[in-house]
Each structure stands twice: as C-alpha cells, then as structure tokens.
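Structure first, commentary second.
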Amino acid sequence: MGPQDVYQYCRFGDLALRAMRRYPDRIALDYLDRQWTYRQMEERVSQVIQALKAAGLKRGDGMAQLTANRPEAMILTTAAAIMGMRITYLHPLGSEDDHAFILADSEVAALIVDERRFTEKGAALAARVPHLRIFTYETDPAPEQLGTALWPAADGFEPGPLTVEGEADDIVWVAYTGGTTGRPKGVVHRHRSFVAAVMIMLAEWEWPAEVRTLAATPISHASGVLWLPTLYQGGTFVIEPGFDPAGFLEVLERKRITVAFLVPTMIYVLLDHPKIRDTDLSSMELMIYGAAPMSPTRLVEAMEVFGPVFMQLYGQTEVPNCITALRKVDHDPARPHLFASCGMAVIGVQVALLDEDGNEVPDGQVGEICARGPLVMDEYWKRPEENAQTLAGGWLHTGDMARMDADGYYFIVDRAKDMIISGGFNVYPREIEDVLTTHPAISMAAIIGVPHPKWGEMVKAVIVARPGSDLAAEEVIRFVRDAKGGVYAPKEVEFAAEIPLTALGKPDKKALRAKYWTGQDRQVG
C-alpha cells in the first residue's frame, strides 16, 4: 500500500451493494411479472456467492455465461463481481466454434449454461474444452447432464452479510469482440474502467426521474450495460426474453417503461408495426439507440411517433458506450444535419481525429476517431501485437473514420476497413448510405465495394425498397450523383428483400461482399 492507493476507484461490487442497501424496498428486477426487491436481490446474491465458493470458485477465477435474457444472469453477474471473479458472456447467437475458442482462450474456470435454451450446446462445449466446469441455473434438465444447478445449491445457504472482494485494478470483465485474424479477441476491463464508464453514463445520459429500463436486446451486450446505472438510481430493470415488436409495445405500455435501448433496425420494425398507433407511448422518456447508423428519414418518423426522447450513443467494447453522445436536445428538426452525427465527446473522455502518422487532422477533414480516458480498456487478452497497434501513441484507435464540424459534432463516415478505393478516390460508404436513406422509397441501404478490372473497386448499392414503391436503379444512381457527385454514385444497384444483419443488428457487410471477393487476391473487410 502506498500514497497512490488513496486515488483508487471503487469496484463494480461496491456500486451494486450500495444500491441494494440504499433502496431495499424498491423493485430491482422484473421478469414475466415476477419481481424482486433490492433486499431480496441482496439476499439471493449472498446465497449464490456461498454456493459458488462451496463449489470451489474464488476471487480471480473466470466465469462465463451462455444465456438468454433471464434475471438469474444479472444476479449471478452481480454475485461474481462482488466475490472478485472475472466475467465473460458468450453471445447467444454465436457459433459453437467461437464459443469453444473463447472458453479456452479466456481460461475460465466455469461456464454457466441456460438450461432452458442451451443444453445441447453446453454439452458440446463441455466435450470440447477440457477441465471446464459446467453449471446450470436451475434443474431442468437434471443437474447431472451439465453439472451442478446453482439455484438449488444456493437454496441450501442462509443469506448473510456481503463483503466486496478484490481491488479496483482486478479484472472484472473480459468481453469478446471481432478480431482481425478471424478469431474473437478479449477486451479486458478492470473495475476502475468499468466504474468510470458507469459514472460517465450517469453524468452524461438524460435519465428520467423514475427509471424503468426495458432490456429486450441481449443482456450479454448493450442492454446489460444498463444494469448498474439502473440499479444505482434505484430503478427497475425489466427483462424480456427477446425482442418481439408486439410484445415490446405491450410491455412498454403496461409497465410504463421510461428507458430502453434498441438498435435502429428494431426501431424501424416498431414503426412499421400496426399496433404502434394504438399503444400508449407516453411513459417513454429516453430511447437510446446505437450499434449502427439510423436513417435520418426514419429518425424523423420515430420522433413524430415517440416524441423527443431519442439519444444516440457511440462507443465500442474497448470504450464501452461512452465516446460520444447525440443528446435529446440535439435531435432537433430545425437542425436536421445533426441527424447524421454521432454527437459530441462525453465528459471524462478525450477524443481526437488522427491521420496515419498520429497527427490531428484539421476541422472538417476525415481522420480516425481515437479516444483516451479512465474507461478505456486495459488491453486485449493475450494479444500483445494488437495491443501495440490499437493503443499506439497513447490513444485507443477505434478504426472508425469521422470528421468534426465547427461546433464540435462528429460525423462518422465509415469504418477504416470499409472504405472503398475506386479509381484512386477514397469513397466512404456511410456517406452514401446517409444520402440513400433520405429517399422516401428506400427502407434500408448498404454500400459495398466490389472488384472492378478498371477502377480496382466499384461502388455497389444493396437496397431494400419500401413496400409498394416502383423504385428503379437509375433513380438510385441519379439520387446519389445529385447529392454527392459521380465518384460516390453507385455503378450497380441490387434490390433485395432484406439486408443480412450481424448478431448485434448491424448490416453484415462481410456477408454482402463475400460472393464478390471469394477467390480474389485481395479481400475487403
């Protein structure tokens, strides 16, 4: 211990424990009409910790969860953080190969499997990853099929006082994200960076007075990030098993939801659902969207339906959800150009646009978004070469290209890897997509580069037209040419019933490009 220790952050467990003791009689969790108060949650967390320790797990061990949206996952996450374990979520839509790689790579001691959804995959992973201990939440299927059922085991212990273990510099979260080598890479967050992210969310986001958060997207990703900020404000975390537009609207109205996170494609589905006009949406005060750009035209439509409740977040796993924010006040029809912006830098984070040499670009020019601050990841798990590249020059390099206007608003033009070089010109697909989605006959649009013998790459548009429209390719090309010039105008237009999406709801550019680049010497993406 030394003088520097007085400046340490608190820990994930400190925040959770304070919340549980501050609001003992409020409703903390709500799932399919079953509710838990903060006091009941604290008691259950205590029992689960005792069950984990009785099973031989301890501070510093890694624990993974493969689960759908269910309250046990949040209780277990809180318990593991309080006892000083490090946590990894497996994406419920991920492949068995990726899951097996993550479990082996992250060196976790235990995997908790949602017995309602993933019995078969859990058994397969147990066979593929030696020495991995498998648990389930409850007893269906029988515990011997996958190991100990934690909830029945926890029933055997009396709730007792909780003590937060570990230090602020311990690892609390190893979150896996896409890797340039084709394998996922683990993003390491220590308690100090995780707590810093929560503090920034509490300070920067425009929370309502009564927080009732609806988690309908996977809690293994963005929805789960809302757990601690909701708890710390004495709010209720309402979990839905998954996203269903009719069900989402019904729960929003019946439970008077005030906060939700959705990806843009989900908002589009809600807007197109016939039930929305008959639903009381008046309780909603903060609709957070992110993970992909939102069509400016559809954003205006959404504001007409839900009201001025929208906030866009921009971040990535390495800088969780907190690089920039486009606040509710910025969603202003009088300033429509801001609908294409990802907002301004948030408090506590430094943001710069850098060129390839690490120098800041002049205002208005395109550079890579780079960030630094207390919430930035510590490192990639066992990836020293990627650490050196991503953290070069004292900045976290996001790989996203953007420009900043004179007022300090950032406008993402694309991922660096998605940039198209056509005839020697740099073409950023995001800029074309922002133009196309303002067309009244276009529902969704994705721009990719495809091989061309003369230009190297050719701009191709994949369009999902609005039902009943008679949109022609020539009109699409002309629309872009008039707005952006000939270099940006697509040379080919493909009309599709839908655009493939990644597990996180983003347009899957890799899938769109695959049929054009297979067998080529150079691959895009």
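The values are calculated or read from the model by the stated rules, or taken from the named source; none is laboratory data. Since the model is a prediction, treat every value here as computed from it, not as a measurement. Reconstructed Cβ throughout: ideal geometry from the backbone, glycine too, with neighbour counts over all protein chains shown. Side chains are part of the model used for accessible areas, which takes the heavy atoms of the whole protein and leaves out ligands, DNA and RNA. Shrake-Rupley method; radii C 1.70, N 1.55, O 1.52, S 1.80 Å.
Could you grab the pairs with beta carbons closer than 7 Å, sequence gap of 6+ or different chains, first residue in segment 311-339 and farther than 21 Å from residue 259 by Cα, second one of a type in the set (Gly, Ala, Ser) and open to solvent by 10 Å² or more (accessible area, probe 1.4 Å)?
317/175
Could you figure out which of (1) surrounded by fewer than 20 Cβ atoms within 10 Å (Cβ to Cβ); (2) touching a Ser or Thr at 6+ places or on another chain (Cβ under 6 Å) isn't true of residue 10?
(2)
Of all residues in segment 409-431, which are open to solvent by 20 Å² or more (accessible area, probe 1.4 Å), at pLDDT below 85 and β-branched (Val, Ile, Thr)?
Listed by number, the list holds a single entry, 421.
If you take the residues in segment 253-283 that are of a type outside the set (Val, Ile, Thr) and within 21 Å of the chain's Cα centre (by Cα), which one is nearest to residue 439 (Cα to Cα)?
268
Quickly run through segment 122-142 and pick out the residues that are farther than 14 Å from residue 63 by Cβ, in contact with an Asp or Glu (Cβ under 9 Å, 6 or more places away or on another chain) and free of Cβ contacts under 8 Å to residues at least 40 places away in the same chain.
Across segment 122-142, the qualifying residues are 124, 128, 139, 140, 141.
A quick yes/no check of all residues on (1) open to solvent by 40 Å² or more (accessible area, probe 1.4 Å); (2) among the β-branched types (Val, Ile, Thr); (3) in a loop (DSSP other than H, G, I, E, B); (4) on the phi < 0 side of the Ramachandran plot:
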position	(1), (2), (3), (4)
152	yes, no, no, yes
160	no, no, yes, yes
168	no, no, yes, yes
176	no, no, no, yes
187	no, yes, no, yes
195	no, yes, no, yes
200	no, yes, no, yes
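Checking the structure you have, find out if any residue of segment 82-102 is open to solvent by less than 10 Å² (accessible area, probe 1.4 Å), farther than 18 Å from residue 184 by Cβ and assigned to a helix (DSSP H, G or I).
Yes.
Could you figure out which of (1) open to solvent by 20 Å² or more (accessible area, probe 1.4 Å); (2) touching an Asp or Glu at 6+ places or on another chain (Cβ under 9 Å); (3) more than 22 Å from residue 229 (Cα to Cα) isn't true of residue 285?
(3)
When only residues in segment 284-328 that are under 22 Å from the mean Cα position of the chain (by Cα) and aromatic (Phe, Trp, Tyr) count, which is modelled with the highest pLDDT?
310
What are the residues in segment 470-502 that are at pLDDT 90 or above, surrounded by 15 or more Cβ atoms within 10 Å (Cβ to Cβ) and of a type in the set (Gly, Ala, Ser), if any?
Listed by number, the list holds a single entry, 489.
Need pairs with beta-carbon distance below 7 Å; first residue in contact (Cβ under 8 Å) with a residue 60 or more places away in the chain and hydroxyl-bearing (Ser, Thr, Tyr) and within segment 221-250, second surrounded by fewer than 19 Cβ atoms within 10 Å (Cβ to Cβ) and not in a loop (DSSP other than H, G, I, E, B); sequence gap 6+ or separate chains.
That search, which allows pairs on different chains as well, returns 232/202; 236/27.
So, in segment 314-342, how many residues would count as being within 26 Å of residue 177 (Cα to Cα) and not in a loop (DSSP other than H, G, I, E, B)?
Within segment 314-342, residues that are within 26 Å of residue 177 (Cα to Cα) and not in a loop (DSSP other than H, G, I, E, B) number 12.
Could you tell me which numbered condition residue 406 fails, if it satisfies all but one of (1) on the phi > 0 side of the Ramachandran plot; (2) open to solvent by 20 Å² or more (accessible area, probe 1.4 Å)?
Unmet for residue 406, out of (1) on the phi > 0 side of the Ramachandran plot; (2) open to solvent by 20 Å² or more (accessible area, probe 1.4 Å): (1).
To keep it simple, each residue is scored yes or no on (1) open to solvent by less than 20 Å² (accessible area, probe 1.4 Å); (2) touching a strand residue (DSSP E or B) at 6+ places or on another chain (Cβ under 7 Å).
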| site | (1), (2) |
| --- | --- |
| 71 | yes, yes |
| 75 | yes, no |
| 129 | yes, no |
| 142 | no, no |
| 149 | yes, yes |
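Which one is modelled with the highest pLDDT, of the residues in segment 1-22 that are outside any helix (DSSP H, G or I) and within 26 Å of residue 231 (Cβ to Cβ)?
The qualifying residue modelled with the highest pLDDT is 11.
Quick one: which strands (runs of 3 or more DSSP E) sit completely within segment 343-431 and have at least 2 residues that are in contact with a Gly (Cβ under 9 Å, 6 or more places away or on another chain)?
Passing ranges, in order: 350-354, 367-372, 396-404, 410-415, 420-422.
Quickly run through segment 212-233 and pick out the residues that are over 20 Å from residue 173 (Cβ atoms), part of a loop (DSSP other than H, G, I, E, B) and open to solvent by 10 Å² or more (accessible area, probe 1.4 Å).
Selection gives 233 alone.
Mind listing whichever residues of segment 236-281 are open to solvent by 30 Å² or more (accessible area, probe 1.4 Å) and farther than 30 Å from residue 39 by Cα?
Result: 244, 246, 266, 269, 272, 273, 274, 275, 277, 278, 280.
Can you tell me which residue within segment 432-455, out of those that are assigned to a strand (DSSP E or B), in contact with a strand residue (DSSP E or B) (Cβ under 6 Å, 6 or more places away or on another chain) and open to solvent by 10 Å² or more (accessible area, probe 1.4 Å), is farthest from residue 498 (Cα to Cα)?
Out of the qualifying residues, it is 452.
Checking residue 506 against (1) at pLDDT below 90; (2) under 29 Å from the mean Cα position of the chain (by Cα); (3) surrounded by 20 or more Cβ atoms within 10 Å (Cβ to Cβ), which single condition isn't satisfied?
(3)
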